[in-house]
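Okay, so here's the structure we're looking at.
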Amino acid sequence: MTATRPDRPAHVARRTRGARTAVATLTLTSLAIAAFAVLPYLTASLPALARDDVGLAAAYAGAPGFVLGAFYAHVVAGGVALVCAPFQLWAGLRRRYPGAHRWTGRVYVTAVAVGGVAGLVLVPVNQAGLVGTLGFGALAVLWLWTTWRGYRAVRGGDVAAHQDWMTRSFALTYAGVTLRLWTTALVVAQSLALGDALDPDVAFERAYALAPFLSWVPNLVVAELLVRRRRPRHGPTAGLAVSVAQRTSPDS
C-alpha cells in the first residue's frame, strides 16, 4: 500500500500522480518527435532527403524559394514550440523557477508566431488537397489565435485565463506528434487488413488524407474538457457571488 501525505486525500494523490505521468508522457513524445521531424532537415538537403524518401522532402524539393523558406521556418519553429511547450506544463518549474517559465514562454510564443504564419503560407501547396487546405488552415489560425489569447491574458494579469488558453494552444502544438501517430496507425491498420496487396504509397495517401483534421480536433476536445474540469464547480459566477456576500456581510 502506498502511503500518502496525511493532509492530502488519496484521490488527490492519485490525480497528482496521474498528472505527472501525463506531463512526462507529453514531454517525452514531444521531444522525440521534435528530434525526429526537425533534425533530418538540418543535416541534409531536400533533394538528398527526397532520394531517401524522407518525410515530405520530395514534395518540397523543387518548390519556389519562398515556399522553401516557409517550409524550413515551419519545421524549425514547430520543433522549438514542441520542445518548449511541455516544460510550460510543469507546475514545479512555474513555482521554483518563474523566470525560466517566463522566458521559455516567450520563446514558445515566438515559435508559434513564426510556425503559424509559415504554416499559412504552406496551406495552398499542402499534400492533402482541399481537405488539407481546410484542416491545416484551420489548425494554423487556431494555433495563432489561442496562443495570442494566452499571451494577452497573462499580460493582463489573468493567470486562470492564461492557463486555459495555453492548454488549448499546446493541444494544437501537439498536433505535430499526433499527426505522425495517426498516420502511422492508419497505415498499419491498412497493412493488417490488406496484407501484401497494399501499395505503401496508396496507404500513406489514404492515411494522410485524414490527418488535416484528425491530427488536432481530438487534441482540442481533450484540452477543452481539461479546461472545463478546472473551472469552479458552480460556474463562472460563483466567485462573484462570494465576493458580493463578503461585501454585504454585517461583519465587513
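The values are calculated or read from the model by the stated rules, or taken from the named source; none is laboratory data. Small disclaimer: the values here were computed from a predicted structure and weren't measured. When we count neighbours, we look across all protein chains shown, and the Cβ atoms used for this are built from the backbone with ideal geometry, even at glycine.
Observations on the model:
- Note on segment 128-154: residues that are out of contact with any helix residue (DSSP H, G or I) (no Cβ under 8 Å at 6 or more places or on another chain) and modelled with pLDDT under 95 amount to 1.
- Close pairs (9 angstrom Cβ cut-off, 6 or more residues apart or separate chains): over 22 Å from VAL177 (Cβ atoms) in segment 139-158, of a type outside the set (Phe, Trp, Tyr) and not in a helix (DSSP H, G or I) anywhere: ARG152/ASP158
- Figure legend. Inter-residue proximity from segment 199-217: first residues of a type in the set (Phe, Trp, Tyr), second residues outside any helix (DSSP H, G or I) and surrounded by 15 or more Cβ atoms within 10 Å (Cβ to Cβ), beta-carbon distance below 9 Å, spacing 6+ or different chains. Indicated pairs: TYR208/GLN127; TYR208/ALA128; TRP216/TYR174.
- Members of segment 210-232 found to be in a helix (DSSP H, G or I) and closer than 13 Å to SER169 by Cβ, listed by number: ASN219, LEU220, ALA223, GLU224, LEU226, VAL227
- Scanning segment 101-130 for residues that are more than 20 Å from the chain's Cα centre (by Cα) and surrounded by fewer than 17 Cβ atoms within 10 Å (Cβ to Cβ) turns up PRO124, VAL125, GLY129, LEU130.
- Residue check, VAL23 of a type in the set (Val, Ile, Thr), at pLDDT below 90 and either farther than 27 Å from THR110 by Cα or surrounded by 13 or more Cβ atoms within 10 Å (Cβ to Cβ) (or both): yes
- Within segment 135-173, tally of residues that are of a type in the set (A, V, I, L, M) and over 18 Å from the mean Cα position of the chain (by Cα): 4
- Residue count for segment 43-96, restricted to those that are at pLDDT below 90, surrounded by 14 or more Cβ atoms within 10 Å (Cβ to Cβ) and closer than 22 Å to LEU28 by Cα: 8.
- Among (1) closer than 21 Å to LEU56 by Cβ; (2) more than 20 Å from the chain's Cα centre (by Cα), the one test that GLY195 misses: (1)
- Positions within segment 189-208 being surrounded by fewer than 17 Cβ atoms within 10 Å (Cβ to Cβ) and either under 22 Å from ALA138 (Cβ atoms) or hydroxyl-bearing (Ser, Thr, Tyr) (or both), in sequence order: SER191, GLU205, ARG206
- Options LEU172, LEU142, LEU186, LEU181: the member that is surrounded by fewer than 20 Cβ atoms within 10 Å (Cβ to Cβ) and within 18 Å of VAL117 (Cα to Cα): LEU142
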